[in-house]
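What follows is one structure encoded as structure tokens, with my remarks underneath.
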Amino acid sequence: MSTSAMMNIRDNLGVYAEIAARPRVSLTPLPTPLEHARSMSTRLGRRILVKRDDVMSLALGGNKVRKLEFLLGDAKNKRADTIITTGAQHSNHARLTAAAAVKMGLKPVLVLRGKPSPPKGNLLLDRLLDADIRFTEEQPDAAVNNVAEELRAKGHTPYVIPGGGANAVGTLGYVNAAREILAQARHDGLRIDYVVHATGTGPTQAGLIIGFHILNSKVKVLGVSNGPDEATGKQLVRHLIDDTIKLLGVKLSIPDEEIIIYDDYTCGGYGVITQEVVDAMMLAARTEGLILDPVYTGKAMVGMKGLIEKKIIHENSNTVFLHTGGSPITFQYDSEVSRYF
Ligand SMILES: Cc1ncc(COP(=O)(O)O)c(C=O)c1O
């Protein structure tokens, strides 16, 4: 079957036609690979596939790229000349926003939380990309507004992207990804029961839930929180789902039960690196040659193992582990990771 035929899974509401009509730039070839993880499946006792959203051509890839295709499309449409965003100093979102901006001929400004630290991992790449980096110890949203004001006063047209690309426009990228995953699974003659992934600010999960819902698929999206507690995570995803439906102007009702988040695999909280996380990273590396990071995907792997052990991921089921990227973080926390070898 051709790629375009594979992608032509119909949705009843015309949501995908709405999305296709929205401004978008191309930042990487799609679809990303969907790989059968045979050694990992044998080890874990479930059939596992890995959706390689870490394999993208832009600046080492990751889930932010899908969001940025729509966000940068919107920015170009609004004739912005500067892109401002915010995040932690190890932020993948910041690195990829900087890369996407320069690729589109726009100037990136990154408002990063905390005092300046040595340039390693993503921070090193931010510098390589010549992002204008502003460190802040105040409330990041206030700092972003101040930078936007400063740039407007100088005659620039800034476009502000929220941390994590977490708004309705960014969410569209993962509505598309749901269709991509189903098309690839169909091509391989496989039924998918679960998609497991790291969830934080919410658009990856919100987009997948919308996409699977409108395609009448029974795939359960299991978000493994990298920090927020379950209630907060669910609220973030709920808002993004509602805002995205509103943006698309379609009639769609997605029940709260479809938002599933586990907060018991944060391993001590956002950014905390423990033996369990490094064990999960080693499992992926030593079965599939798959490199995870200790802040997001490593914890998603801890979660997937835990959900299999608890039989929440059933026997004889098929699970897609969505690799959302983030490998530069491993080099930012090299000593914290290697301490557990
Ligand atoms: C590698 C990686 N995985 C997962 C996430 C979480 O995705 P989302 O913000 O869409 O919930 C992030 C967010 O920064 C990330 O960098």
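The values are calculated or read from the model by the stated rules, or taken from the named source; none is laboratory data. Only a predicted model underlies this, so the values are computations on that prediction, with no experimental measurement involved. Here the Cβ positions follow ideal geometry from the backbone for every residue, glycine too, while neighbour counts run over all protein chains shown.
Of the candidates G325, G271, the single residue that is touching a strand residue (DSSP E or B) at 6+ places or on another chain (Cβ under 6 Å) and small (G, A, S) is G325. Exactly one residue out of Q275, Q205, Q235 is closer than 21 Å to N167 by Cα and surrounded by fewer than 21 Cβ atoms within 10 Å (Cβ to Cβ), and it is Q235.
In the set D264, D229, D293, which member is acidic (D, E), within 12 Å of the ligand (Cβ to nearest atom) and modelled with pLDDT of 95 or more? Give the steps one after another, and end with the answer.
Numbers: D264 fails: within 12 Å of the ligand (Cβ to nearest atom); D229 fails: within 12 Å of the ligand (Cβ to nearest atom).
Exactly one residue qualifies, and that residue is D293.
Does any residue of segment 74-83 turn out to be over 18 Å from V320 (Cα atoms), among the β-branched types (V, I, T), within 13 Å of the ligand (Cβ to nearest atom) and modelled with pLDDT of 95 or more? Talk me through it step by step, then tell me what you get.
The first filter runs over segment 74-83 and keeps only residues over 18 Å from V320 (Cα atoms), leaving 74-83.
Now narrow it down to the ones that are among the β-branched types (V, I, T): 82-83.
Checking the rest, the ones that are also within 13 Å of the ligand (Cβ to nearest atom) come to none.
Checked against the condition, which is being over 18 Å from V320 (Cα atoms), among the β-branched types (V, I, T), within 13 Å of the ligand (Cβ to nearest atom) and modelled with pLDDT of 95 or more, segment 74-83 yields no hits at all.
When restricted to residues that are more than 20 Å from I313 (Cβ to Cβ) and either away from the ligand (no atom under 16 Å from the Cβ) or without any contact (Cβ under 8 Å) to a residue 60 or more places away in the chain (or both), segment 271-290 contains 8. Take the conditions (1) away from the ligand (no atom under 12 Å from the Cβ); (2) in contact with a Pro (Cβ under 8 Å, 6 or more places away or on another chain); K251 misses just one of them, which is (2).
Among the strands (runs of 3 or more DSSP E) confined to segment 1-117, the ones with at least 3 residues that are under 19 Å from the mean Cα position of the chain (by Cα) and in contact (Cβ under 8 Å) with a residue 60 or more places away in the chain are located at 47-52, 82-87.
Checking each residue in segment 38-49 for being among the hydrophobic types (A, V, I, L, M, F, W, C) and closer than 16 Å to G189 by Cα picks out I48, L49.
Evaluating I192 against the criteria (1) within 20 Å of N316 (Cα to Cα); (2) among the β-branched types (V, I, T); (3) within 13 Å of the ligand (Cβ to nearest atom) leaves one unmet condition, (3).
If you check L71, L96, L125, L172, which single one turns out to be touching a helix residue (DSSP H, G or I) at 6+ places or on another chain (Cβ under 6 Å), within 16 Å of the ligand (Cβ to nearest atom), over 20 Å from S327 (Cβ atoms) and not assigned by TED's automatic domain parsing to the domain that holds D334? Let's see the steps before the verdict.
On the way: L96 fails: over 20 Å from S327 (Cβ atoms); L125 fails: over 20 Å from S327 (Cβ atoms); L172 fails: not assigned by TED's automatic domain parsing to the domain that holds D334.
Result: L71 is the single residue among L71, L96, L125, L172 that is touching a helix residue (DSSP H, G or I) at 6+ places or on another chain (Cβ under 6 Å), within 16 Å of the ligand (Cβ to nearest atom), over 20 Å from S327 (Cβ atoms) and not assigned by TED's automatic domain parsing to the domain that holds D334.
Being of a type in the set (A, V, I, L, M), within 14 Å of the ligand (Cβ to nearest atom) and under 18 Å from G61 (Cβ atoms) is the filter here, so list the residues in segment 302-338 that pass it. L322, I329 - these are the residues of segment 302-338 that are of a type in the set (A, V, I, L, M), within 14 Å of the ligand (Cβ to nearest atom) and under 18 Å from G61 (Cβ atoms).
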